[in-house]
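The values are calculated or read from the model by the stated rules, or taken from the named source; none is laboratory data. Note that the coordinates shown come from a computational prediction; the quantities given were computed from them, not determined experimentally. Here the Cβ is made from the backbone with ideal geometry for all residues, glycine too, and neighbour counts use every protein chain on show. In case anyone asks, the SASA skips ligands and DNA or RNA and just uses the protein heavy atoms, side chains included. Shrake-Rupley method; radii C 1.70, N 1.55, O 1.52, S 1.80 Å.
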Amino acid sequence: MAERFDRIWHNARLATVRGDLPDLGVIERGVIAAREGRIAFAGSHSDFPSDADAAERIDCGGRWITPGLVDCHTHLVFGGNRAHEFELRLKGASYEEIARAGGGIVSTVAATRASSEAELVAGALPRLDALIAEGATTVEIKSGYGLNTETEMRQLSAARSVGRNRPVGIRTTFLGAHALPPEADGDKDRYIELVCREMLPAVVQAGLADVVDAFMEGIAFSKDQTARVFRAAKALGLPVKLHADQLSNLGGAALASEFSALSADHLEHTDEAGVAAMARAGTVAVLLPGAFYFIRETMKPPVELFRAHGVNMALATDCNPGSSPLTSLLLAMNMGATLFRMTVAECLAGVTREGARALGILGETGTLEAGKRCDLAIWDIERPAELIYRMGFNPLHRRVWRGR
Ligand code: DI6
Ligand code: FE
């Protein structure tokens, strides 16, 4: 009996991004076959059964297929925006002056607290649509603009809701330890207590978070405070990740590794000891060139050291209203190459396989392999480098999410 599939894509070139194949794991005359939303076959035309049967056959006309893209670090759900603050900064105002005048992260917290869940969803959908239009099939969304139990939960609930409104996989991350809310009166320890004792258990109880994140930085939380959040997360059975060493080297990469974090993110100021710790723990380095560009950072993440120590690198948008109002993974790849000197293969793996690894879902998506969800991006290009080299151009032909 001929093998039966729901859908077959043939006459395609595959960049499988499989970890066991060199570079992009290219298969020149490739076929993908899907059954019940999963990849049943991804390989060479010559290995595909010639009598295979399918409800639908799609001739890709020689186009390239990559895994659907994964944006593994976003703050996509928030109230308002900070365009006005951007204008003030262009006129010479400093970040501090703006913060003192009620701007900065606190203004986004105020706008988020003042937004209903429906308003948060309505604001986030156009940003999510921009990512989807470029082939994203999985997007991570963090809380962290509520900073009280009720609003953190509303933000996460809105994140889950945008996922029900669009054909895309959403992973949610609780980032209660993002900043100190104004009502905390400068008492960071007391706020962290609230995060660990009240917010985190409530969020977990409601099933609203897949992972726990924190912002470890001079302007945010200390190593000790971050460790308290991580211990609370581990006690509740959740994996962790960290905004680490973005503006200064406080040993964030090493702390994240101590807790076997899925990823440590930003990492502009990480030193070799931090990189070595990440390598030992298998923690992914999530690089965020949009934030590097937008805040005009000059310190680059230690890409050479990540390579030398065998630390996997992901790329993401860090979409947020303050430091990276970016909704393009294609542009994030271009910036990863241009600003950080990542190779084409590293950039593409960064928004597919490594993004999935950074979310702990590499078994489900991120490469073209039998058994994984059939999440594909089909591109009108002649070679994969085109995805990275052009700026502001979208060559997506079709996107496939779970086989459709
Ligand atoms: N790092 C950042 O760059 C953003 N958050 C973080 O942890 C800034 C967020 C904002 O300014 O709204
Ligand atoms: Fe971030």
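Shown here is the pair-distance distribution of region 37-79: with all Cα-Cα distances grouped in 10 Å bins from zero up to the longest one, the shares run 15, 42, 21, 15, 8, 1 percent. Label positions at E193 and K91, each projected 7 Å from the Cα along the C-beta direction, are separated by 4.2 nm. Computed with the Debye formula from one identical point scatterer per Cα of region 21-112, without solvent, the log10 of I(q)/I(0) at q = 0.17 Å⁻¹ comes to -0.81. Below 23 Å, Cα to Cα, which lysines can K142 reach? Residues fewer than 8 away in the same chain don't count. Result set, ordered by chain and number: K188, K223, K234, K241. Of the whole protein surface, Y95 contributes about 110 Å² of accessible area at a 1.4 Å probe radius.
Before anything else, pin down the relative contact order of region 170-290: Cα pairs under 8 Å, at least 6 apart, normalised by residue count, whole percent. Numbers along the way, then the final one.
Details: 232 pairs, mean separation 24.3, N = 121.
Over region 170-290, the number comes to 20 percent.
Which value at 222 nm does the chain reach when only helices count, each DSSP H run of 4 or more adding -39,500 (n - 2.57), with the total divided by all residues and rounded to the nearest 500 deg cm²/dmol? Can you show the working numbers first?
On the way: 16 runs with 143 residues, N = 404.
Helix contribution divided over all residues of the chain: -10000 deg cm²/dmol.
For the chain, carbon and sulfur atoms together expose 51% of the accessible surface, with a 1.4 angstrom probe and every protein chain in place.
Accessible area per residue for region 125-226 is 34 Å², calculated with a 1.4 Å probe on protein heavy atoms, without ligands, DNA or RNA.
Report the normalised scattering of region 131-229 as log10 I(q)/I(0) at q = 0.14 Å⁻¹, calculated by the Debye formula with identical scatterers on the alpha carbons. Calculated log10 I(q)/I(0) at the listed q: -0.53. Note: region 316-397, Cα convex hull, 108 Å³ per residue.
Beta bridges assigned by DSSP with both partners in region 1-145 are antiparallel in approximately 50 percent of cases.
Could you please put E369, E87 in sequence from largest to smallest accessible area, using a 1.4 Å probe? Please list the in-between numbers first.
Details: E369 55, E87 100 Å².
Descending accessible area places them as E87, E369.
Over all distinct alpha-carbon pairs, what is the Kirkwood Rh of region 191-262 in angstrom? Display every interim value, and only then the final one.
Values: mean 1/r = 0.0821 Å⁻¹.
It works out to 12.2 Å.
Relative to the longest principal axis of the chain, what angle (0 to 90°, nearest 10) does the C-alpha long axis of helix 272-281 take? The two axes meet at around 60 degrees. For region 269-367, the solvent-accessible area of protein heavy atoms averages 33 Å² per residue (probe radius 1.4 Å; ligands and nucleic acids excluded).
Taken as Cα centroids, region 218-238 and region 87-136 sit 25 Å apart, rounded to the nearest whole angstrom.
The value given for region 65-130 is a Kirkwood hydrodynamic radius of 13.7 Å, derived from the mean inverse Cα-Cα separation.
Over region 19-68, accessible surface divided per residue gives 52 Å², non-protein components excluded, 1.4 Å probe.
Determine the order of L69, L90 by accessible area, beginning with the largest, at a probe radius of 1.4 Å.
In descending accessible area the options line up as L90, L69.
Both numbers refer to the Cα atoms of the chain; Rg and Dmax are 21.1, 73 Å.
Kirkwood Rh, Cα Rg: Rg to Rh for region 169-305?
Working: Rg = 14.6 Å, Rh = 15.1 Å.
A ratio of 0.97.
Starting from the Cα gyration tensor of region 226-289, multiply each eigenvalue by 5, take the square root, and state the resulting semi-axes largest first in whole Å. Can you show the working numbers first?
Details: eigenvalues 69, 27, 21 Å².
In descending order the semi-axes read 19, 12, 10 Å.
Quick note on region 1-52: its Rg to Rh ratio, both from C-alpha atoms and Rh being the Kirkwood radius, is 0.99.
How big is the convex hull of the Cα atoms of region 338-386, per residue, in Å³? Working shown, then result.
Numbers: hull volume 4.2 nm³, N = 49.
In region 338-386, the Cα hull volume divided by residue count equals 85 Å³.
Backbone geometry of region 292-297 corresponds, through the Karplus equation with coefficients 6.51, -1.76 and 1.60 at θ = phi - 60°, to 3J(HN,Hα) couplings of 4, 5, 5, 8, 6, 5 Hz, x marking Gly and Pro. Here R231 and E117 are evaluated by their C-beta separation; at R0 = 41 Å the FRET efficiency comes out at 0.85.
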